[in-house]
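So the structure is just underneath, and the comments pick up after that.
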Amino acid sequence: MKPVSHHLLSSGRLAQRVARAVQTLGHCQLCPRRCRVNRLEDERGFCATGRMARVSSYGPHHGEEHPLSGSNGSGTIFFASCNLRCCFCQNYAISHYRETATEVDNADLAAIMLELQHQGCHNINVVTPSHVLPQLLEALPIALEAGLRIPLVYNCSGYESPQSLALLTGIVDIYLPDFKFWDRTRAQRFLQAPDYPEITRQAVTIMHRQVGDLVINEQGHAVRGLLVRHLLMPGGLEETDAILAFIAAEIGTATYVNIMDQYRPCGTAFNEPDLAGPLAADQYARAMATAKRVGLQRLDRRDIGTLLQHLGIISPHEGVD
């Protein structure tokens, strides 16, 4: 199965989409922050990124959800900087700083995609790409014409504008948003984005409308659809309940959801009393109980093993097939 973007490429519409995306850089409103700086002239807004994208690292990633990582890994490309400022980010050095990243042009980025495919990766997984969407789209036709044939995964925070998502219609195969907070006060305090909850609700709805529920082929690899991540946060159980209820009721109970219990204080989270400690011992099990209660049917399979570990049924070294 070819990426959906092949259809736009063959019809000539992909070039039109690229032109529209690049034009937005002149008065940048790619994300909900709407900085309106002229990035074509290398002006910098909140994301501190000008005309060129910067790549921090790339390579096969074996720690993503199983339908993405498979046996050969997900071909991740980590872009520097981000349109959020999560104080607890586990990639803090990448998302908050850009000095150690490498500036890439269209040909460079296309070559990275093709190299990841050559290494056997099951998909191209662009991480925090929201602020470099035009640069990504500029590189895509080059990669497609050179033989790129694996799905494109848009791995983002969920803080996306409807206008940018419209540009991605028929281009993204798999959306992989995180849904972090439901409470505006906590979103402002920890992300510097009080509108994050409503923006993400709208964004996830649009993503699902574009690609539908996650489709997994006979080999167990994701080929199209929506996969939502929710990172459990200290003191955030009520928000978890609200987020999972929203997904079940408004997106659908067949939505593939990964409830993650890997939180640990990173970045400047140690300065926040509410985030400086670990999750409550029973927080993951309670979140899974909520997921079951609201009717969610598809949870990342590794979560089952984590739940059993929390309940003491298996040891952390065992695992679940």
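The values are calculated or read from the model by the stated rules, or taken from the named source; none is laboratory data. These numbers come from a predicted model, not from an experiment. Ideal geometry is used to build each Cβ from the backbone, glycine not excepted, and the neighbour counts take in all protein chains shown.
Some points to look at:
- Just one residue in the set 277, 220 is modelled with pLDDT of 95 or more, surrounded by fewer than 19 Cβ atoms within 10 Å (Cβ to Cβ) and either part of a loop (DSSP other than H, G, I, E, B) or of a type in the set (Phe, Trp, Tyr) (or both); that residue is 220.
- Inter-residue pairs, beta-carbon under 6 Å, first assigned to a helix (DSSP H, G or I) and in the stretch 15-42, second polar (S, T, N, Q), 6+ apart: 26/38
- When 126, 211 are checked against the criterion of being surrounded by fewer than 23 Cβ atoms within 10 Å (Cβ to Cβ), within 17 Å of the chain's Cα centre (by Cα), of a type outside the set (Phe, Trp, Tyr) and farther than 19 Å from residue 16 by Cα, 211 stands alone in meeting it.
- Residues that are touching a residue at least 60 places away in the same chain (Cβ under 8 Å) and over 12 Å from residue 179 (Cα atoms) within the stretch 238-261 comprise just one, 256.
- Flag for residue 290 being surrounded by fewer than 18 Cβ atoms within 10 Å (Cβ to Cβ) and farther than 17 Å from residue 186 by Cα: no
- Listed here are the strands (runs of 3 or more DSSP E) enclosed by the stretch 77-191 that have at least 3 residues being within 22 Å of residue 67 (Cα to Cα), of a type outside the set (A, V, I, L, M) and in contact (Cβ under 8 Å) with a residue 60 or more places away in the chain, and there are none.
- Residue satisfying condition, being among the aliphatic types (A, V, I, L, M) and over 20 Å from residue 252 (Cα atoms), within set 176, 152: 152
- Being modelled with pLDDT under 95 and either more than 15 Å from residue 136 (Cβ to Cβ) or surrounded by fewer than 16 Cβ atoms within 10 Å (Cβ to Cβ) (or both) is a property that residue 59 lacks.
- Residue 225 vs. criteria surrounded by fewer than 16 Cβ atoms within 10 Å (Cβ to Cβ), closer than 25 Å to residue 121 by Cβ and at pLDDT 95 or above: no
- Residue that is modelled with the highest pLDDT [pool: residues in the stretch 98-115 that are surrounded by fewer than 16 Cβ atoms within 10 Å (Cβ to Cβ) and farther than 16 Å from residue 141 by Cβ]: 115
- Residue within the stretch 295-306 that is under 25 Å from the mean Cα position of the chain (by Cα), at pLDDT 50 or above, at positive phi and of a type outside the set (Asp, Glu) present: yes
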